[in-house]
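To start, the structure under review is shown below, and the notes come after it.
The values are calculated or read from the model by the stated rules, or taken from the named source; none is laboratory data. If you're wondering where the values come from, they're calculated on a predicted model, not measured in any experiment. Here the Cβ positions follow ideal geometry from the backbone for every residue, glycine too, while neighbour counts run over all protein chains shown. Heads up: the accessible areas ignore ligands, DNA and RNA and are worked out on the full protein's heavy atoms, side chains in. Shrake-Rupley method; radii C 1.70, N 1.55, O 1.52, S 1.80 Å.
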Amino acid sequence: MKAPKLLMTPGPTIVPKRILKALSKPIMHHRTPEFQEIVRNSCERLKKIYKTQNDVFILASSGTGAMEAALANVIQPGDKVVSAVSGIFSERLRDIALTFGADVTTIDFEWGTPIDVEKVKQALTSETKVLTAVHNETSTGVKNNIAALGSLVKNTNTLFAVDTISSLAGDDIRTDEWNIDLNISGSQKCFMLPPGLAFISVSPKAWNAIENNKNKKTFYFNLLKYREKFPDNPWTSAISLIYGLEESLNTIEQEGLENRVKRHYDTAKYCRKKAKKLGLELFPKPEESCSITLTSIKKPEGIDVEMLRKKINQEHNIMVAGGQAKLKGEIFRIGHMGIVGRKEVSKTLKVLEQCLGEMGFKK
Ligand SMILES: *Cc1c(COP(=O)(O)O)cnc(C)c1O
């Protein structure tokens, strides 16, 4: 059999063998105490990764489902929402708020730069119902200062909805310390699972808004139903993926969360250093704002990025990601999250160096 492709993309990421094995266990019925014990236990373990005392739920959807759940449950038409936008995923949160009828103020930041907390502060008023932001903006490779944004909404009526889809279980995420009311994540990034599960934490402040929202425009994602049934699920659970989640949590706990975060920091630092050595320029500015779960690199002078990616993929069986939307052809992105570490990054950068040389790149 052909060797599996080395997935160096910022999601989906490589699923370790032990998790693949757990995914193939025989199906248990989901309305049994045995299965519900797995769910209850998994949510408790997720809370440790989230660093929260808040409720955590598992949804059967891709990450976007949890983004939608967060906003659909709290927003009523006309509610004021402030969205900090600096890439595809922060734009998506804004668009979901618009879909549910919010009166949205968008604070735009140049893609590739972090959110300027002062500008967001100026946009917030006592009327702001929700502030939305992305911790790790996967489309640009920038990590935002969620702690500072969270301190703006502390002791106010504003809810803070944050997407940590590509950083939770890789980076150090402090849901409670950072005042995050709705913290959204997903399975196919740092959790090393296939796509199909999303996670969400809900604070007492968010529950208050949800209970008082008489205009909820959601059925599947109605969080009150999830709370009422827990640890049972209102609908059929994604049973196999939850077996996978158990094994993912075992893997994470065996490594230790703090060790895991440190490993991601070390890998990211190594990747940036090596890339710069090849004569490449990092896309995020300043470098301190670089993500630790992916490295985003500017189009090398005189090189067609899409041709470069194709060459790496076809000739070396390694997949790196390109730029999305307006960044297509302008950047490429190397994912290093979950099980992917220094060894895989090193291999990828060697191949990158060779391919750039063959394409005539001079540093
Ligand atoms: C991957 C990703 C998403 C989207 O998740 P889907 O699973 O594709 O729905 C959202 N936000 C961020 C930051 C991501 O990296």
Residue list for the range 177-193, restricted to those being out of contact with any strand residue (DSSP E or B) (no Cβ under 9 Å at 6 or more places or on another chain) and open to solvent by 30 Å² or more (accessible area, probe 1.4 Å): E177
Name the pairs: first residue in the range 4-17 and of a type in the set (D, E, K, R), second residue open to solvent by less than 60 Å² (accessible area, probe 1.4 Å) and in a loop (DSSP other than H, G, I, E, B), Cβ to Cβ under 9 Å, at least 6 apart or on different chains? K5/N317
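Taking A22, is it touching a residue at least 24 places away in the same chain (Cβ under 8 Å) and under 22 Å from the mean Cα position of the chain (by Cα)?
On the way: touching a residue at least 24 places away in the same chain (Cβ under 8 Å): yes; under 22 Å from the mean Cα position of the chain (by Cα): no.
Criteria not met by A22.
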So, N222, is that one farther than 29 Å from P33 by Cβ and either away from the ligand (no atom under 16 Å from the Cβ) or in contact with a helix residue (DSSP H, G or I) (Cβ under 6 Å, 6 or more places away or on another chain) (or both) or not? no
Condition check: over 25 Å from V340 (Cα atoms) and among the β-branched types (V, I, T). Does V56 satisfy that? yes
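Being in a loop (DSSP other than H, G, I, E, B) and either at positive phi or among the hydrophobic types (A, V, I, L, M, F, W, C) (or both) is the filter here, so list the residues in the range 141-177 that pass it.
Matches in the range 141-177: G141, N155, I165, A169, I173.
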Sole residue being among the basic types (K, R) and within 24 Å of G186 (Cβ to Cβ), chosen from K143, K121: K143
Keeping to the range 188-216, report how many residues are more than 16 Å from the ligand (Cβ to nearest atom) and assigned to a loop (DSSP other than H, G, I, E, B). 6
Being touching a residue at least 40 places away in the same chain (Cβ under 8 Å), within 16 Å of the ligand (Cβ to nearest atom) and not acidic (D, E) is the filter here; which residues of the range 149-174 pass it? L149, A161, I165, S166, S167, L168, A169, G170, I173
Just to be sure I understand, how many residues within the range 115-137 are touching a residue at least 40 places away in the same chain (Cβ under 8 Å) and either open to solvent by 10 Å² or more (accessible area, probe 1.4 Å) or among the acidic types (D, E) (or both)? 6
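Answer yes or no as to whether S167 is under 23 Å from T218 (Cβ atoms), buried (at least 24 other Cβ atoms within 10 Å of the Cβ) and of a type in the set (S, T, Y).
no
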Show me the strands (runs of 3 or more DSSP E) entirely contained within the range 4-108 in which 2 or more residues are under 21 Å from F219 (Cβ atoms) and open to solvent by 20 Å² or more (accessible area, probe 1.4 Å). 55-60
Sole miss for L71 among (1) within 16 Å of the ligand (Cβ to nearest atom); (2) under 30 Å from T267 (Cα atoms) is condition (2)
All but one of (1) without any contact (Cβ under 8 Å) to a residue 24 or more places away in the chain; (2) among the polar types (S, T, N, Q); (3) within 11 Å of the ligand (Cβ to nearest atom) hold for S185; state the number of the condition that does not hold. (1)
